[in-house]
Amino acid sequence: MAAIARDVQRLSTAMASTDGTLGDLLAMTPTEFEYFVGDLLTAHGYKNMQRVGGAGDMAADLLGHDPAGRTVIVQCKRYAPGQRIGSPVLQQFIGMMHVQHRAQAGVFVTTSGYTGQAIILAREHAITLIDGSDLVEMVHQARRSPGAGGRTVERSLNRASTKYTPIFSARTERGKIEVFSNRVEITNFDDRDVIPVRRIWGVSIEGGLFRKKQLHITTKDKHVHMHRFVDDKDAKAARDAIARIVRADAEVFRKLRTRR
């Protein structure tokens, strides 16, 4: 019982790593998190990991083979720390693993933790549980690996980290503009506007020569956001940064459709 109590304490407390790894994972969309877990498990010896998650996924987000060669299903839950996985969710997963997918092994992954009953149930059915602290440690191990798996994991994390760290920021005459990998945030005095990248239809610069350059961001509903910067040179830098995230998002969207 003491050992179980120690496991409960360890697994139910999500670890905030010093380099923000857990924050990077929480910044991902559910789909991105599933692809990331597939890459991470591959870096740790799993094979042929394929994403099958989505509506009606029957408790399986990933299918593949574990390091021992057994067929395995993986369920991924990107939960906030403190929102622990309980035994009812594990019971459903175990049932689907045997009845629906006829898999030989199961892995349950979450960014949070598990209740004591869920841990006991997983032990009884040989289910591998991976919590937030385990994920952070696995990422650290993959980063130390010289192989392609470690590089793939690093790229996934780098893409996620730019969701809450701006890749461009500059002052405008009325506030500031910040460009992230998935949005543009505009602050005008006390107002704040957020433009998701997929709403952006075009970006351009007007003016020059005898009048200050002005950045135009056009959304798909034909609304135009117009801004002048304190430093005129920032207009071109902002335009280029926004154009890059629009191109990158279009490429990611194309790859997701291809994988499906």
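The values are calculated or read from the model by the stated rules, or taken from the named source; none is laboratory data. Computed from a predicted model, the values in this text were never measured in an experiment. FYI the Cβ positions are ideal-geometry reconstructions off the backbone, even for glycines, and counts take in every protein chain you see.
Within segment 63-117, track down each residue that is touching a residue at least 40 places away in the same chain (Cβ under 8 Å), among the polar types (S, T, N, Q) and out of contact with any Asp or Glu (no Cβ under 9 Å at 6 or more places or on another chain).
Hits for segment 63-117 are GLN100, THR115.
Hey, THR29 hits all of (1) polar (S, T, N, Q); (2) buried (at least 22 other Cβ atoms within 10 Å of the Cβ); (3) at pLDDT below 85 but one; which does it fall short on?
(2)
Which residue is surrounded by the most Cβ atoms within 10 Å (Cβ to Cβ), if the candidates are limited to segment 187-202 and must be assigned to a strand (DSSP E or B), at pLDDT below 90 and of a type in the set (Val, Ile, Thr)?
Among those residues, the one meeting the criterion is ILE195.
Among the candidates ARG171, ARG192, single out the residue that is of a type outside the set (Asp, Glu) and touching a Phe, Trp or Tyr at 6+ places or on another chain (Cβ under 9 Å).
When all the criteria are applied, what remains is ARG171.
Within segment 203-236, how many residues are at positive phi and either in contact with a strand residue (DSSP E or B) (Cβ under 7 Å, 6 or more places away or on another chain) or not in a strand (DSSP E or B) (or both)?
Here the count works out to 3.
Quick check on SER145: is it buried (at least 18 other Cβ atoms within 10 Å of the Cβ), among the hydroxyl-bearing types (Ser, Thr, Tyr), at pLDDT below 90 and assigned by TED's automatic domain parsing to the domain that holds PRO81?
The answer is no for SER145.
Just to be sure, is VAL72 at pLDDT 95 or above and assigned by TED's automatic domain parsing to the domain that holds HIS125? Explain how you work it out, then say what you get.
Numbers: at pLDDT 95 or above: yes; assigned by TED's automatic domain parsing to the domain that holds HIS125: yes.
Yes.
Looking only at residues in segment 34-56 that are buried (at least 16 other Cβ atoms within 10 Å of the Cβ) and part of a strand (DSSP E or B), which one is modelled with the lowest pLDDT?
Among those residues, the one meeting the criterion is ARG51.
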